[in-house]
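> Got a structure for you, questions after.
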Amino acid sequence: MMNDMAVTAPTETRPGVKYADHAQMLLADQLPDGRFVFIRSLRTTDADMLRESLPRLSPLTRYRRFMTGVSDFTDAEVDYFTNVDGIDHSAFGAMIRQPDGSFLGAGTARYIRSENNPEEAEFAVTIADDCQRLGLATRLMDELTRHAKHNGICRFTAVMLAENTPIHDLIRSRGGVIEQTDEPTIVNGYIDIC
């Protein structure tokens, strides 16, 4: 199962500037509450921040994201979440600049290309509770979608809890659909992006 939620601080940014290289890509923007958010590709150097970000997720957010009560990541999970190739497994992290100038991991979005259909990829989005409802999931999905299309992916898929209405709303807002599975507590989501 996918997850994430960490980024390290950028070394140099300008609002509205994107860097094309996967490892250096950065987008700076201002949130509705006035804080600045920076979005870039995740790196292996984000491992510590990923670990530190998990406690900022409420039990409900963790359950909705992982479909279980996750309390810590294993070393193998951290490596998997941060060691992305930018083509078949891509992940973007968002960080918010704090008043003291430090950066706080605020959320992530990732996709992993399907082995059965190279034009499909499973996606996941995680937003820290204190950063929800600020449009951050939409911004992350915009970057993820642009990147996926560039890499030949035309459809996002997701397996999620039937009760996870925030992700259902995100999927529907992007023209996607939710379908019930044989398991009453699990649904599938689909977003055509091409």
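The values are calculated or read from the model by the stated rules, or taken from the named source; none is laboratory data. Since the structure is predicted, the reported quantities are computational estimates derived from the model, not experimental observations. Ideal geometry is used to build each Cβ from the backbone, glycine not excepted, and the neighbour counts take in all protein chains shown. The protein model used for the area step is the full one, side chains on, heavy atoms only, and it has no ligands, DNA or RNA in it. Shrake-Rupley method; radii C 1.70, N 1.55, O 1.52, S 1.80 Å.
> Going 7 Å from the Cα of residue 88 in the Cα-to-Cβ direction, what parts of region 172-194 have a backbone nitrogen less than 18 Å from that spot?
none
> Could you do me a favour and compute the accessible area per residue for region 63-194, 1.4 Å probe, result in Å²?
Computed with neighbouring chains in place, this is 48 Å² per residue.
> In region 119-180, what trypsin sites (Lys or Arg not before Pro) fall in a loop by DSSP, with at most 11 other Cβ atoms inside 10 Å?
The qualifying sites are 133.
> Tell me the relative contact order for the chain as a rounded percent, counting alpha carbon contacts under 8 Å between residues six or more apart.
Averaging sequence separation for qualifying contacts and normalising by length gives 20 percent for the chain.
> Related question: Which percent of the accessible heavy-atom area of the chain goes to carbon and sulfur, probe 1.4 angstrom?
49
> Now, a different point. Mean projection of the alpha-carbon convex hull of the chain over all orientations, in nm²?
10.6
> Could you sort 77, 143 by their accessible area in this structure, using a 1.4 Å probe and putting the largest first?
Highest to lowest solvent-accessible surface, that is 77, 143.
> Another one. May I ask you to rank 66, 103 by accessible area, largest first, using a 1.4 Å probe over the protein chains only?
Correct descending sequence by accessible area is 103, 66.
> Using the reciprocal of the averaged 1/r over all distinct C-alpha pairs, how large is the Kirkwood radius of region 107-164 in Å?
12.1
> Once you put a point 7 Å from the Cα of residue 44 and another 7 Å from the Cα of residue 60, both along the Cβ direction, what distance in nm separates them?
3.9
> On to the next question. Accessible area of residue 80, 1.4 Å probe, to the nearest 10 Å²?
Counting only protein heavy atoms, the figure is 100 Å².
> In a solvent-free Debye calculation with one equal scatterer on each Cα, what is log10 I(q)/I(0) for region 71-168 at q = 0.10, 0.11, 0.13, 0.18 Å⁻¹, listed in the order of the q values?
-0.30, -0.36, -0.51, -0.94
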